[in-house]
Amino acid sequence: MSKGRFALVAVFVIGLTGCGSHDCNSGDVHGTLLSLLAGETSGMESMVENAFGVGPTAESLQAFAAGTVTEIVTLEKNKSTGAFVCNAKVTIPVPEDKEVSLQMDYEVRQVESGDSDFQVLASKSDINRMRASVNGTINNHLRAKAEAERKEQRKQAFLDNPPIAMTDEEASAAIIEDMSRYNSSFAQSSHAIVGQDLGGEGYKDYVVAYRSHLYGDTYGWSYKHYWSTAREPGEKVSLNGNSDQEITREHDLTNLRLQNGVVTFSDGNGWSQTAEIVTGKSYHSSKL
């Protein structure tokens, strides 16, 4: 058998001891190999944790315990020491009906304490590769599961304690306050605000149309769309808005209507214009 392929205390190798039959095909050897890959402690705790920076998790131990060792080949056998160098395919089942496989070498050595005692050694790089792949897959699954549970809990919290809708008076005040950030005299300027509950749960979309000075003697009318946004269960909604859109510079608006997501602007003298707002932005329980 070639020397130097494995060494028990070298940084490249980690070993684990077991009892029973000790050749490449032994079930006890395979079980010990899987335990070695998983990082189960058996007098090897400090070595395993130093090698990988962290001990095994319950989920990874369970996955490795269900692993299989197949396609076994005996590469070398030392008759004088009873040691074997083996190669096999190790397959570990992981969540979502997936699996992680690695073709790897391992060594089986007889221990001096008795013929039934043996030691399994494997390359640290192989162990590291297998453990990283299995733990990475498991951790990704656990994170996705935790995130799904968090979303479900938050959804239920909103269903159990729905957000509070704004009254039209509150919405108008919020819109005027927002528009006044850009025009301090907005509250005194010509403007109109209309709203509609497009989702049927009381959370309204609003449109404000307003007259503004552009330049010289030129004035124009523009509009802005706001929608109801819920941040926390049981709290009053707030309003979010998009950018302003110009309507006209030639007409003076006297009527504003919002129906089924269509805004109608008119001057009362036969001229009118429509615009569609983007619907579906306001809070609705069906979007949880």
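The values are calculated or read from the model by the stated rules, or taken from the named source; none is laboratory data. These figures come from a predicted structure and were not determined experimentally. Quick reminder, even Gly has a Cβ in these numbers, built from the backbone with ideal geometry, and neighbours come from all protein chains shown. To get the accessible areas, we keep the full protein, side chains included, count just its heavy atoms, and leave off ligands, DNA and RNA. Shrake-Rupley method; radii C 1.70, N 1.55, O 1.52, S 1.80 Å.
Other residues with beta-carbon under 13 Å from the beta-carbon of Asn183 carry, at +1 per Lys or Arg and -1 per Asp or Glu, a net charge of 0. Using the Cα coordinates of region 72-224, the gyration tensor eigenvalues translate into equivalent-ellipsoid semi-axes of 76, 20, 12 Å, sorted from longest to shortest. Relative contact order, whole percent, for the chain stands at 13, derived from Cα pairs under 8 Å and 6 or more residues apart.
Mean separation of Cα pairs under 8 Å and 6 or more residues apart, divided by the residue count, gives region 144-229 a relative contact order of 19 percent.
For Tyr210, the accessible surface of its heavy atoms amounts to roughly 20 Å² (probe 1.4 Å, protein chains only, rounded to the nearest 10). Working from Cα pairs under 8 Å separated by at least six residues, relative contact order for region 85-195 is 15 percent. Cross-link list Lys224/Lys287; Lys151/Lys236; Lys89/Lys151; Lys98/Lys155; Lys155/Lys204: which exceed 31 angstrom alpha carbon to alpha carbon? In this structure, Lys89/Lys151 exceed 31 Å between Cα atoms. Seen from Gly270, the other residues with C-beta closer than 15 Å to its C-beta sum to a net charge of -3, counting Lys and Arg as +1 and Asp and Glu as -1.
Counting only Cβ charges, +1 for Lys and Arg and -1 for Asp and Glu, the dipole size of region 141-288 around its Cα centre is about 660 debye. In this structure region 111-234 gives 54 Å² per residue of accessible area when probed at 1.4 Å with all protein chains present.
Report note on the peptides 145-151, 202-208, 64-70: ranked by the mean count of other C-beta atoms within 10 Å, highest first, their order is 202-208, 64-70, 145-151.
The distance linking region 192-223 with region 243-264 is 7 Å (Cα centroid to Cα centroid, whole angstrom).
Solvent-accessible surface (1.4 Å probe) assigned to Asp160 amounts to roughly 110 Å². One entry in (i) 18.2; (ii) 25.0; (iii) 19.7 is mean projected area of the Cα convex hull in nm² calculated from the shown coordinates; its label is (ii). Local charge for Gly199 was computed over the other residues whose Cβ lies under 14 Å away, with Lys and Arg +1 and Asp and Glu -1, and equals 0.
Placing His22, His225 in order of accessible area, with the largest value first and a 1.4 Å probe, yields His22, His225. Heavy-atom surface analysis with a 1.4 Å probe gives region 205-288 a carbon and sulfur content of 40 percent of its accessible area.
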